[in-house]
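Only the coordinates and a few stated rules stand behind these numbers; no lab work does. Computed from a prediction, not measured in an experiment: that's the story for all the values here. Cβ placement follows ideal geometry from the backbone for every residue including glycine, while neighbour counts extend to all protein chains displayed.
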There are 2 protein chains.
Amino acid sequence: MESIHTDSGDIRHGNEGGNEMAMKKKPVTGMKDILPREMAIRDYVMDMIKKTYKQFGFTSVETPCVEHIENLSSKQGGENEKLIFKILKRGDKLASAIETVSLDDVNVLVDGGLRYDLTVPLSRYYANHANDLPSPFKALQMGNVWRADRPQRGRYRQFMQCDIDILGEPSILAEIELITATTTLLGKVGFSDFTIRLNNRKMLKAMAAYSGFSEDDYDSVFITLDKMDKIGMDGVAEELVSQGYPKENVDKYLELFKTVSSDIEGVRYLGETLGTYLDADVASDLETIMTSVEAAKSADFKIVFDPTLVRGMSYYTGPIFEISMDEFGGSVGGGGRYDEMIGRFTGQDTPACGFSIGFERIVMLLLEREDYEILGNAEKKAYLIEKNMPTDRMTDILKKAKAERETGMQVNVVMMKKNKKFQKEQMEKEGYTSFEEFFVK
Amino acid sequence: MESIHTDSGDIRHGNEGGNEMAMKKKPVTGMKDILPREMAIRDYVMDMIKKTYKQFGFTSVETPCVEHIENLSSKQGGENEKLIFKILKRGDKLASAIETVSLDDVNVLVDGGLRYDLTVPLSRYYANHANDLPSPFKALQMGNVWRADRPQRGRYRQFMQCDIDILGEPSILAEIELITATTTLLGKVGFSDFTIRLNNRKMLKAMAAYSGFSEDDYDSVFITLDKMDKIGMDGVAEELVSQGYPKENVDKYLELFKTVSSDIEGVRYLGETLGTYLDADVASDLETIMTSVEAAKSADFKIVFDPTLVRGMSYYTGPIFEISMDEFGGSVGGGGRYDEMIGRFTGQDTPACGFSIGFERIVMLLLEREDYEILGNAEKKAYLIEKNMPTDRMTDILKKAKAERETGMQVNVVMMKKNKKFQKEQMEKEGYTSFEEFFVK
């Protein structure tokens, strides 16, 4: 270290080559340090997730945070593929890449990237290990994912995802178990009055077909439909007409949405109206999902049919669902069936269905509840030790701490400060409720 | 997807540009997918870590996995700095970097890297947030780190680290609490008969000074000393002499090691022998650490004085320690005092001491115990449901599952397979001990 001087909050020091390189105190752009209060809530929610999902027969799995750049660029990830943090090659491969790199072919420099979701890695994992895994396989994944999004309030470039997936189960038992497990968890961490919105990609498509749209136009139509909650029924109609779709089709399409109710009657109505446009079991399956989830629910929520629910990811093939919460103006989780993704790795389609909760949003909502109580927290006690405590006395104190910890108590042994009153006040803010003082005398 | 054919286990498909890009089933080189059995042990150990360390007053913190490249290249990380996975810049910054990049200045392409340890990020975190943190601050960190090491059996390029650190505590209460907490944890997850080896960087230096070595030679002498357990006393003597150090110094140095015992007597003996070469309190502090840890221990281990313990990282400034286990031929954890690192960020030295356990090694050792029992595991029960169960019967089954889960039981609801006997046998291997069957009849 050749020289130290302060510069905009950072310390600079000479490095090997004599260049100055700043030691930076802030985290990298768009990512965050997690402070103890938030961390306590995260730890609590993670613990509840593991406990709850295990009760439903899910087992934890983990994949590396770094994924092959080929797998991340396979078009499964939609827009997320534009947001990959890419990992530079190393050694000889990097040397030869640098000789050929051009602005048009930057990817020659990289061989991996940070995963942008947990679904693509899980599909790779299942393709790689299916012979060693039970069938159906009920997987629980909690892990960080990374997206180089434009930094904005409340959205970070590294965030935790928490997914449960059932692989190898073609029946709607998968959907029912996923929704029941997820809603049970939400109830346990303290949420109520939320709504599960349910739809099916096949219902979406049948409604469009019935109204006269051609299959090539579905994606475009659904993008507009997805704006229903923002621009309303009339807004959707206007936008579709302005995009050149025949008014006749648009009217017929929107008439469906006007007529349908959000309960089981709505599902039945569409089942009858759409007739041969809809696979025979789509409506009855939706009905069974709604009835079963309602019957087995252990939290205070409702499940509704929402024919306007689109879900962005194009890989969904069947039922899709999303969690809405009034206290949060948007989705706090969602999922659906994606029966064709694992086939991309294995050549053989495998039924798959998953539900992802918005872990960061849930933590944010709990953090905002000033009085949020973490259940089962042990009593926190502090021992304050006067300076220069003789060794024999010190060992007695440590033995006492050991005995109290063995009863399940949290005991923090710290040196007594000159301003003992202030020290205790500070510790009370951290949740310490009792103090014991030890003097040399 | 334009074409699919199998090629060395991967599926290839056309991508946007018409190039073929393989979907790869294996994880990236040197990193691993974690299968359910290992994951169950990892979850259990992580849970015990959090519970145990919290009882000692440690609070969880987390930093981003991506760190500023400047912080990772500050020479705090020693050899690890050569093993960084670097993150490519994005957008305009990447474009201009590509125009100027050369083989001699590859770093112009990157702005971040994956952290290679948790100590550098913790120091940055503390420097950034000290005003919002208690003093002393007792931090618990569990997180992945990455090193682009040559892949080899049992060593991976992504691995979990688990560190506890006490920042802002200058007294040896920090060392005592760290060692007591770590050994308590090891006992709880099922280890015994291990050894904590203890030394002090100041003791190392005083022994070298006393023997006539000059300060410039310490690092080189310690590298040789560190080989003691491999090449023995004579091997160390030979190597030092062959490196040109005076035989007189080498003899005097090794005589110290021959005479000293590994108990408190050994510490006292060196304290007396080294006289003014050693700071007055180094020996008495080591003695107090040994006495206190021994008195407050809640696991079956011993703590010994080991004057040959070096620890590689040059940032240590005081006591250093390492865990040895006979069943593993090496260290399963270590740590020490590093009072000068936080000052690299803030310009002001802050006392700091940490203990890192070798999480991956501990998990590996537990995995090898075929009969390793995870304490407190709930009973695992499976419901087998015959196909085409009517909705009303299904809801009754789901209500029953709900009631059993509420008692704490794990209930996995799955569809009955044609070969029910085989299905049950497979589930028994996963730990399911009871089955209930539901027929349509």
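Worth pointing out:
- The slack in the chain from A:Ala95 to A:Asn388, taken as 0.36 nm per residue of separation less the alpha-carbon distance, amounts to 99.6 nm.
- Backbone N under 18 Å from the B:Ser331 label point (7 Å along Cα→Cβ), restricted to segment B:225-253: B:225-232
- Nearest-0.05 FRET efficiency for A:Glu340 and B:Arg150, computed from C-beta distance (R0 41 Å): 0.60
- The C-alpha atoms of chain B occupy a region whose extents along the principal axes are 91, 62, 48 Å, arranged from largest to smallest.
- Unit charges at the beta carbon, dipole of the protein assembly as shown: most positive-side option, A:Ile303, A:Pro390, A:Tyr253: A:Pro390
- Each Cα pair under 8 Å and six or more residues apart adds its sequence gap; the mean of these over the residue count of segment A:314-398 is a relative contact order of 19 percent.
- Label geometry 7 Å along the beta-carbon vector: A:Asn377 inter-copy distances in nm: 3.2
- For segment A:119-172, applying the loop criterion from DSSP together with a ceiling of 15 other beta carbons within 10 Å to the trypsin sites (Lys or Arg not before Pro) yields A:Arg153.
- Ranked by how many other beta carbons lie within 10 Å on average, peptides B:91-102, A:314-325 from highest: A:314-325, B:91-102
- Debye, to nearest 20: dipole size of the protein assembly as shown, +1 on Lys, Arg Cβ, -1 on Asp, Glu Cβ: 1140 debye
- Under a model in which nothing but the beta-carbon of Lys, Arg (+1) and Asp, Glu (-1) is charged, segment A:60-149 shows a dipole of about 200 debye around its Cα centre.
- Degrees, to the nearest 10: A:36-55 long Cα axis against longest axis of chain A: 50 degrees
- Multiplying each eigenvalue of the alpha-carbon gyration tensor of segment A:194-261 by 5 and taking the square root yields semi-axes of 18, 14, 12 Å, largest first, rounded to whole angstroms.
- Legend: mean number of C-beta atoms from other chains within 10 angstrom of residue C-beta atoms, peptide A:175-183, equals 2.
- Ranked list, fewest to most other Cβ atoms within 10 Å of each Cβ, for B:Leu240, B:Leu274: B:Leu274, B:Leu240
- Across A:Lys302/B:Lys381; A:Lys138/B:Lys380; B:Lys380/B:Lys417, pairs whose alpha-carbon gap is larger than 26 Å: A:Lys302/B:Lys381
- Counting Cβ atoms of other protein chains within 10 Å of each Cβ in A:46-59 and taking the mean gives 5.
- Dividing the Cα radius of gyration of segment A:99-144 by its Kirkwood radius returns 1.20 for Rg/Rh.
- Rounded to the nearest 20, the Cβ-based charge dipole of segment B:380-438 about its Cα centre (Lys and Arg +1, Asp and Glu -1) stands at 180 debye.
- For chain B, calculated [θ]222 nm from helices alone, where every DSSP H run of n ≥ 4 adds -39500 (n - 2.57): -12000 deg cm²/dmol
- Rg over Rh for segment B:293-441 works out to 1.26, using Cα positions for both radii and the Kirkwood form for Rh.
- Order by protection proxy (mean Cβ within 10 Å, highest first), peptides B:279-292, A:331-344: A:331-344, B:279-292
- Dipole orientation for segment A:36-368: of the candidates A:Leu140, A:Gly275, A:Thr182, A:Leu140 has the Cα lying most toward the positive pole (charges on Cβ; Lys, Arg +1; Asp, Glu -1).
- On the principal axes of its alpha carbon atoms, the protein assembly as shown extends 100, 63, 55 Å, with the longest extent given first.
- 11 Å reach of a label modelled at A:Phe422, 7 Å along Cα-to-Cβ, counting backbone N of segment B:347-384: none
- Placing a label point 7 Å from the Cα of A:Met233 along the Cα-to-Cβ direction, the residues of segment A:257-288 with a backbone N closer than 13 Å are A:257-262.
- Once C-alpha pairs closer than 8 Å and six or more residues apart are averaged by separation and normalised to the residue number of segment A:36-368, the relative contact order reads 22 percent.
- Greater than 20 Å apart at Cα, pairs in B:Lys205/B:Lys227; A:Lys297/B:Lys441; A:Lys387/B:Lys50; A:Lys297/B:Lys424; A:Lys51/A:Lys297; A:Lys32/A:Lys424: A:Lys297/B:Lys441; A:Lys387/B:Lys50; A:Lys297/B:Lys424; A:Lys32/A:Lys424
- The mean number of partner chain beta-carbon atoms within 10 angstrom of a residue's beta-carbon across peptide B:293-306 is 2.
- For A:Phe301, B:Phe194, A:Phe355, order by how many other beta-carbon atoms lie within 10 Å, fewest first: B:Phe194, A:Phe301, A:Phe355
- Separation of alpha-carbon centers, segment B:336-399 and segment A:138-183, rounded to whole Å: 18 Å
- Of the residues B:Met416, B:Ala401, B:Tyr432, the one whose Cα sits farthest towards the positive end of the charge dipole of segment B:380-438 is B:Met416 (charges of +1 on Lys and Arg Cβ, -1 on Asp and Glu Cβ, taken about the Cα centre).
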